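Novice: Input: one structure, supplied below.
Only the coordinates and a few stated rules stand behind these numbers; no lab work does. This structure is a prediction, so every number in the text was calculated from the model and none was measured. Methodologically, a virtual Cβ is constructed for each residue, glycine included, from the backbone with ideal geometry; neighbour enumeration extends over all protein chains shown.
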Amino acid sequence: MVKRNPLEELKIKPPEKSAFEIPTAEHFPKLHTLTICSGKRGSGKGVGIANYVRACYDKGYFDKVWCITPTYASNKEIWDMIPIQPENVFEPTKTCMKELADLVMAERNSWDEFLARKKQYEQYLKDMKDKKLDLSDKNVLERLLDYEQHEFFDDKPVWHYRNEVPPRLAVIIDDCVGSDLMRLPSANLVNTCIKHRHLGNGLGVSIFMLVQSYACREGVARSIRENCTHLMLFRIAQEQQIKKVYEEADVDLSYEEFYEIIREVHEEPYAFFFFDFAPKKPEYRFRKNFDEFIIPNTTANDDHKK
């Protein structure tokens, strides 16, 4: 007699793919992302993020990029590496998160309207090939009138971005520490960052925050730091900042091992330590810049034991 597990129907089965995930190449970090990029002035964090976002754009991972910063003009040479339109640059005001949410929702509405129009066009082609349309049917007549109104006879609906997929969006927040955006709770930055994947009825947006200090007064709130998916840490003089990262992160290393990895990365000018909190594979967790994986000795030894 075969005994059936009475709890089999309650067995947890995770979905094969996240509803909020943008498909990326094997070694590319997951998107959407909430990335914090921390480094002192002149460390190279702007160039690092610009190259990262540009790579995402070139690969079709992003269709539109917004930038929230009070220093866009002085850093224009860096941000020109990304196709950011002038109308997509905003000041860090207490209302800019509301504006961002509205813009993401507008992108969602545009996509939904395109899908509806595409479905209607496909029905139009089908109707035009049908030699036995029942013109006495009120629904058929309404469809034909609607076709004429939308001029389907001339144009097939065309999506306005390169790939016919839901809009892929990103926002860069730079030099905003101390601004109304980061200083005032009513600006809604924390809530927007935490629910960034859910904006636009699940359309989502990737957020990149550039700051000179990982944790400081009127800087990145702890709730944002603890929800970030990626951290780019450039060379800093304050070891206390590295200790703060270690305390808030789930790291299977001693502090000494963790610090030594970061110290070695920062020996190279303008290099950064890339921490992936949700890596596709465990060995992708730490990197030097984007292109060099770091396998801690502790992890390597544990794998060898297995």
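Novice: Normalised radius of gyration for the range 235-296, please: alpha carbon Rg relative to 2.2 N^0.38 Å, two decimal places. The partial results should precede the final answer.
Specialist: Values: Rg = 11.1 Å, N = 62, 2.2 N^0.38 = 10.6 Å.
Dividing the Cα Rg of the range 235-296 by 2.2 N^0.38 Å gives 1.05.
Novice: What residues of the range 274-297 lie in the reach of a label at Tyr259, counting those whose backbone N is under 19 Å from a point 7 Å from the Cα along Cα→Cβ?
Specialist: Residues 274, 296-297 qualify, since their backbone N sits under 19 Å from the label point.
Novice: Then there is this: Within the range 156-197, name every residue whose backbone N is under 17 Å away from a label modeled 7 Å from Cα of Asp112 along the Cβ vector.
Specialist: Label zone hits: 166-168.
Novice: Say the cut-off is 32 Å between C-alpha atoms; which of Lys76/Lys156; Lys98/Lys126; Lys64/Lys243; Lys94/Lys281; Lys30/Lys76; Lys64/Lys288 go over it?
Specialist: In this structure, Lys76/Lys156; Lys98/Lys126; Lys64/Lys243; Lys94/Lys281 exceed 32 Å between Cα atoms.
Novice: Only loop residues by DSSP count here, and only those with at most 13 other Cβ atoms within 10 Å; note down the trypsin sites (Lys or Arg not before Pro) in the range 200-283 that meet that. Intermediate values should be presented prior to the final figure.
Specialist: Values: sites: Arg217, Arg222, Arg225, Arg235, Lys243, Lys244, Arg263, Lys280; in loops: Arg217, Arg235, Lys280.
Here the trypsin sites (Lys or Arg not before Pro) that fit, given the DSSP loop and packing criteria, are Arg217.
Novice: Hey, another quick one. Starting at 0 and stepping by 10 Å, how many percent of the alpha carbon pairs of the range 153-239 end up in each bin?
Specialist: Calculated P(r), rounded to whole percents: 14, 40, 24, 13, 6, 2, 0.
Novice: How large is Rg over Rh for the range 39-125, taking Rg from the Cα atoms and Rh as the Kirkwood inverse mean of 1/r across Cα pairs?
Specialist: Taking Rh as the inverse mean 1/r over Cα pairs, Rg/Rh reads 1.11.
Novice: Loop-only check: which GluC sites (Glu not before Pro) in the range 197-306 are DSSP coil with at most 10 other Cβ within 10 angstrom?
Specialist: Listed in order of number, the matching sites are Glu267.
Novice: Under 14 Å from the Cβ of Lys288, count the other residues' Cβ atoms, weight Lys and Arg +1, Asp and Glu -1, and hand me the total.
Specialist: Local net charge: -4.
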